[in-house]
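S.K.: This is the structure I want to talk about, given as structure tokens.
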Amino acid sequence: MEISIVQPAGLPSKDLADQTQDKKEKTLLEPEINDRTATGSQAWSLTKQIVQWILDKWLVIGIAIACIAGYFAPNVAKPHGYIHSEWSIIYGAVVLIFFVSGLSIQTEKLLVHFSNWRLHFTVQGLSFLLIPTVFFCIVLIVAKFGDKAVFDRQILTGMIVTGCIPTTLSSNIIMTRLSGGDEAAALVSVTVGNLLGPFITPILITNVFWPTMDRSFDAVRPASDLQQLRALYGDVFKQIGLTVLLPLTMGQLIQGYLGFEITSKWVKKLFLNRISTFCLTLLVWTAFSSCFATGSLQKMPKEFLVLVIFVNIGLYISFTSLCVLLSKVRILYPSFKWQERRLYMSRSRVLDRGVFIAICFCAPAKTTGLGLPIVTAMWTRYPEEMKAKIQIPVVLYTIEQIFIAQMLVWWFSRLKEAQEEAEREVAAGAGRSQ
């Protein structure tokens, strides 16, 4: 008896064999395809992580690039260099920073902080009283016990100048903004400090500290004649007027005309905050270029250079820690009740987080914008090499403060995230209990 195998109509036996073979090949290829897909997705995920890290840390990377560029090509961004940074950056970048601040900050906040006595007392008190005294004491100790051949009197004089100059303008505002602090408080503090600085700084140097210096500093005695400082006042107030007050006022007028919500929307849409933050890297580029262009830093004794760097770091961290303590203290101050006609003592509140962050950035910081012109004006009859040496501690301190401030930005951001997480947990717990 014969058995015949009936094939389905229209489907040859060869096609069945081919289908079986295709299934086997597909089964063998599937692990390879899955591996390729997994490898591709991992590479894409890693690329996204790298790009996100660069976007998060772009300011640090930009500052590092600016430092390298200033070291290898100082003639590009030094004052009176190829790009004339004394105009293109010192004026242009700072104008943009304060114009964006004028667009972003509500006028009511500025008015409130102009009358915030505790803010001014803390920032200006530290900037013009405590910090200059600490720098002066360190200089006295080094001059008394240090080797005169190593510890140059011109650079020690620069340390006194560093302690006496006011807080910096641009970087304080940007760092406060990045940390989630009160940008209006920072703006008011730096404006008040730089308006007071041209008067207070020369008095501190020539009338308060210099009379107690020993005779080894006679060769670097500064000018105390008001006639020689008159040009300084004109230059400084012209710079503050053009780079701070004018763009800030213009930004406020535009905000008042368009309204805060519309202005904030356009600031975010045009990435103006990012652009103003980028201007900070240009200022660092100029500072580093100025530092290396004269060659004074390279000629400085290594022992002294290391001392200045670590003293600056230690002092900046110490002053910032003191700001943290002062912001948590409830200060007693006299107050008068008109209805009861009596004087009594009030206890101030703990500073809110935004103002506290602004104080931590503004109080310890120092500015090259006023520091370098003061050196030029008060030591105008001395050679350029001597003035460059006096300027070294000023430039070093201002550069170091930017790097330390970057770490503070990270720290404040972590604290803010932890606080928000704790608030979410409390809110979630309250929701479950209901």
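S.K.: Please compute the modelled spin-label separation between residue 71 and residue 41, points set 7 Å along Cα→Cβ, answer in nm with one decimal.
M.R.: 4.3 nm
S.K.: Report the extension gain between residue 48 and residue 129 in nm, rounded to one decimal, defined as 0.36 nm multiplied by the number of residues separating them, less their alpha carbon distance.
M.R.: Numbers: separation 81, 0.36 × 81 = 29.16 nm, distance 4.89 nm.
Here the segment from residue 48 to residue 129 would lengthen by 24.3 nm.
S.K.: With contacts defined as alpha carbon pairs under 8 Å and 6 or more residues apart, what's the relative contact order of region 58-413 in percent? Please list the in-between numbers first.
M.R.: Values: 481 pairs, mean separation 121.0, N = 356.
So the answer I get is 34 percent.
S.K.: Which FRET efficiency value, to the nearest 0.05, do you get for residue 425 and residue 216 by plugging their Cβ-Cβ distance into 1/(1 + (r/R0)^6) with R0 = 51 Å? Walk me through the intermediate numbers first.
M.R.: Working: r = 62 Å, r/R0 = 1.21.
The computed FRET efficiency comes out at 0.25.
S.K.: Over 19 Å between Cα atoms: which of 48/268; 302/389; 109/416; 78/302; 302/366; 78/387 fall into that group? Please report the intermediate quantities before stating the final value.
M.R.: On the way: 48/268 23 Å; 302/389 14 Å; 109/416 21 Å; 78/302 24 Å; 302/366 24 Å; 78/387 16 Å.
Going by Cα-Cα distance, 48/268; 109/416; 78/302; 302/366 fall outside the 19 Å limit.
S.K.: Going through region 362-434, which trypsin sites (Lys or Arg not before Pro) have at most 10 other Cβ atoms within 10 Å and a DSSP loop state?
M.R.: Those that pass, being in a loop and sparsely packed, are 381.
S.K.: In nm, to one decimal, how far is the modelled label at residue 238 from the one at residue 416, with both set 7 Å along Cα→Cβ?
M.R.: Going by the 7 Å Cα→Cβ label model, 3.9 nm.
S.K.: Still on this model: Quick check: Cα centre of region 269-294 to Cα centre of region 376-434, how many Å?
M.R.: Comparing the Cα centres of region 269-294 and region 376-434, I get a distance of 16 Å.
S.K.: Could you give the size of the charge dipole of region 92-203 about its Cα centre, using +1 on the Cβ of each K and R and -1 on the Cβ of each D and E, expressed in debye and rounded to the nearest 20? Spell out each step's value before the answer.
M.R.: Details: 6 positive and 5 negative charges, 43 e Å.
The dipole of region 92-203 has a size of about 200 debye.
S.K.: Still on this structure, please answer the following. If the label point is 7 Å along Cα→Cβ of residue 112, which residues in region 177-209 have backbone nitrogen under 18 Å from it?
M.R.: Residues passing the 18 Å test: 177, 180-190.
S.K.: Could I ask something else about it? Starting from the Cα of residue 140, step 7 Å along the direction of its Cβ; do the same at residue 61; then give the gap between the two resulting points in nm.
M.R.: 4.9 nm
S.K.: For residue 302 and residue 87 in one chain, what is 0.36 nm times their gap in residues minus the Cα-Cα distance, to one decimal in nm?
M.R.: 74.1 nm
S.K.: Counting Lys +1, Arg +1, Asp -1, Glu -1, what net charge surrounds residue 299 among other residues with beta carbon under 11 Å of its beta carbon? Kindly include the intermediate steps, with their values, before the conclusion.
M.R.: On the way: positive: 302, 389; negative: 152, 385.
Every neighbour counted, the sum reads 0.
S.K.: Then there is this: Which value, to two decimals, describes the C-alpha radius of gyration of region 58-413 once divided by 2.2 N^0.38 Å? It would help to have the intermediate numbers written out before the result.
M.R.: Values: Rg = 20.6 Å, N = 356, 2.2 N^0.38 = 20.5 Å.
For region 58-413, the normalised Cα radius of gyration is 1.00.
Values quoted throughout were computed directly from the atomic coordinates according to the rules given, and no laboratory measurement underlies them. Here the structure is a predicted model, which means the values were calculated and not measured. Don't worry about glycine lacking a Cβ; one is built from the backbone with ideal geometry, like all the others, and counts go over all protein chains shown.
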